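Here the structure comes first, spelled out in structure tokens, and everything after it is commentary.
Taken together, the values in this text are just the output of simple stated rules run on the coordinates, not laboratory data. Since this is a predicted model, take the numbers as computed values, not measurements. When we count neighbours, we look across all protein chains shown, and the Cβ atoms used for this are built from the backbone with ideal geometry, even at glycine.
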Amino acid sequence: MTNERTTIAHSHRVANEHHGAALALFALMMAATLGVRSIDWSQRTRCASVVESPTAHADAWTIDPNQATVVELALLPGVGPSIAQRIIASRRDDGPFQSVDDLDRVQGIGPVTLARVRAWIVIAPGPA
């Protein structure tokens, strides 16, 4: 009987340790998930404020797509590294952009992207 009680007590202790470990793992996973979501949320909030009122931010930073680097172009809202490369290729192959609307000749830039970047784009006058 004593061995049986010892075995049962040991089984309960092992089960409690496993439950504790499982609970700790669950808590760690939840903390990691909530942390990632809070980072995502803060980034979306920042991006949303820029997209909703671009003119509030445009006076601090404008670029000329005829002079900008790939890195500068990739910072524009809705433009990433791939589209930035296409903008560079378009200005090299098809000549300088005469207006912001000329950016629609670049694959991947449509009316929505043009609306997003319009406040940040300034086309400098060409040489006279």
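Quick notes
- Least to most buried among 82, 90 (fewest other Cβ within 10 Å first): 82, 90
- As a proxy for reagent exposure, 112, 70, 106 were ordered by neighbouring Cβ count within 10 angstrom, fewest first; the result is 112, 70, 106.
- FRET efficiency, 1/(1 + (r/R0)^6) with R0 22 Å, evaluated for residue 62 and residue 88 via beta carbons: 0.80
- Note on segment 58-120: the C-alpha convex hull projects to 3.7 nm² when averaged across all orientations.
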